[in-house]
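The values are calculated or read from the model by the stated rules, or taken from the named source; none is laboratory data. Keep in mind the model is a prediction, meaning the values are calculated, not measured. Glycine gets a Cβ as well: all are built from the backbone with ideal geometry, and neighbour counts include every protein chain shown.
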Amino acid sequence: MEHLAKTDLKDLPFGAILGIAGIVTLIGFFCPWAKAGDVPANGFEGWQGILTFTGSWLIIIGSMISYNLFNSETLEDSKPLSDSGLGIGGAILGLIGILAFLVDIPSLFYPAWGLYLSIAGAILALLSALILYYKGETSLTSR
């Protein structure tokens, strides 16, 4: 139990957290974003969901770059901008899509759990990408 208390923030694998957040946002895209009784409105039914879908893939690709899965010297040389930049951009793009959906939600509908899941994933991605950027290093090169 003492080991958990001594865990430092810099020891957390923010590249993996970024990838998990992207996957959570992607899963939320396929879930109901709004409901009116038994009638759901999913994220993929409008342009707002397409923004969130694109943003979630940018987040996932940013996480893959942080773990050197593309084996590219150009991407390696541009770190932390390549991994955290894609994560930040994808999270902002996803949040714009989510907020645009909330503004244009039909009057009979109310927000559903998929929208909240997408919001949580996008905010987690934004925070982990910002921490990756401020650390100035990636998960593999710091060890």
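The combined condition, being assigned to a helix (DSSP H, G or I), at pLDDT below 95 and more than 19 Å from residue 58 (Cβ to Cβ), is not fulfilled by residue 140. Checking the structure you have, find out if any residue of the stretch 113-136 is more than 19 Å from residue 12 (Cα to Cα), more than 15 Å from the chain's Cα centre (by Cα) and either at pLDDT 90 or above or not acidic (Asp, Glu) (or both). For the stretch 113-136, residues more than 19 Å from residue 12 (Cα to Cα), more than 15 Å from the chain's Cα centre (by Cα) and either at pLDDT 90 or above or not acidic (Asp, Glu) (or both): present. Does the stretch 64-80 include one or more residues that are under 11 Å from the mean Cα position of the chain (by Cα) and touching a residue at least 12 places away in the same chain (Cβ under 8 Å)? No: the stretch 64-80 contains no residue that is under 11 Å from the mean Cα position of the chain (by Cα) and touching a residue at least 12 places away in the same chain (Cβ under 8 Å). Every test in (1) at pLDDT below 95; (2) in a helix (DSSP H, G or I); (3) closer than 28 Å to residue 37 by Cβ is passed by residue 105 save one, and that test is (2). Considering the stretch 127-137, and only residues there that are touching a residue at least 40 places away in the same chain (Cβ under 8 Å) and in a helix (DSSP H, G or I), the residue that is nearest to residue 17 (Cα to Cα) turns out to be 128.
Out of curiosity, is residue 43 over 16 Å from residue 103 (Cα atoms) and either buried (at least 24 other Cβ atoms within 10 Å of the Cβ) or touching a Pro at 6+ places or on another chain (Cβ under 6 Å) (or both)? No: the conditions fail for residue 43. When residue 74 is tested against (1) in a helix (DSSP H, G or I); (2) touching a helix residue (DSSP H, G or I) at 6+ places or on another chain (Cβ under 8 Å), exactly one condition is not met: (2).
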